[in-house]
Each structure stands twice: as C-alpha cells, then as structure tokens.
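Notes for the one structure printed next.
Every read-out reported here was derived from the displayed coordinates using simple, explicitly stated rules and does not represent laboratory data. Everything quoted here is computed from the prediction, not taken from an experiment. Neighbour counts run over all protein chains shown; Cβ positions are idealised from the backbone, glycine included.
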C-alpha cells in the first residue's frame, strides 16, 4: 500500500525516542514512550521519560529470605522448594506518557 505509513502508538527505550524524532514524531507529545528499566537518566532525558521502578528494598529483603530458605542448613526437613513470585513495579509518570 502507498501513502503515509501507519504511525506507531507507543515506543520503548531511548533508541525508540531517537527513531521517533528522525521520523518527525515528538516523543511524549505525538506518541507515549515508556522505559522498562528505571534509571536516573529517565529524569534528565528530554522529554523526561515515564518508567517502571521496582520496589528494591522489600524485593531485596524477600530475596534474602528466599536464598536462606534454599540453603540446606535453613531449609528444614522438607528441603528447599521452588518459589515463584511476581513483584509489580511502580509506574513513574513523567513527560513522555
């Protein structure tokens, strides 16, 4: 099909922002951009990027507990078991949403 290509509805990461600008699309104004990994760079990039931030302190505490329980000396008579947990991150909304 000819004509104007379909514009993206969302993009992820800094490379996506650069590609959008090269296409004449303004990140944060014409299209939402969300970064999966929350870093300080998200605050200083223009536009300031919306990101997902993990709750590191409770996550670290829980991982330490899980690690201790997996060790034979701390596992108890039933032994270690596989545990699967999902930790939802916090959405930090900035200018690129």
Point-to-point label distance, residue 19-residue 40, nm (Cα→Cβ direction, 7 Å offset):
2.9
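Among 50, 39, which comes first, then next, by fewest other beta-carbon atoms within 10 Å?
Details: 50 19, 39 12.
In increasing order of surrounding Cβ atoms, one gets 39, 50.
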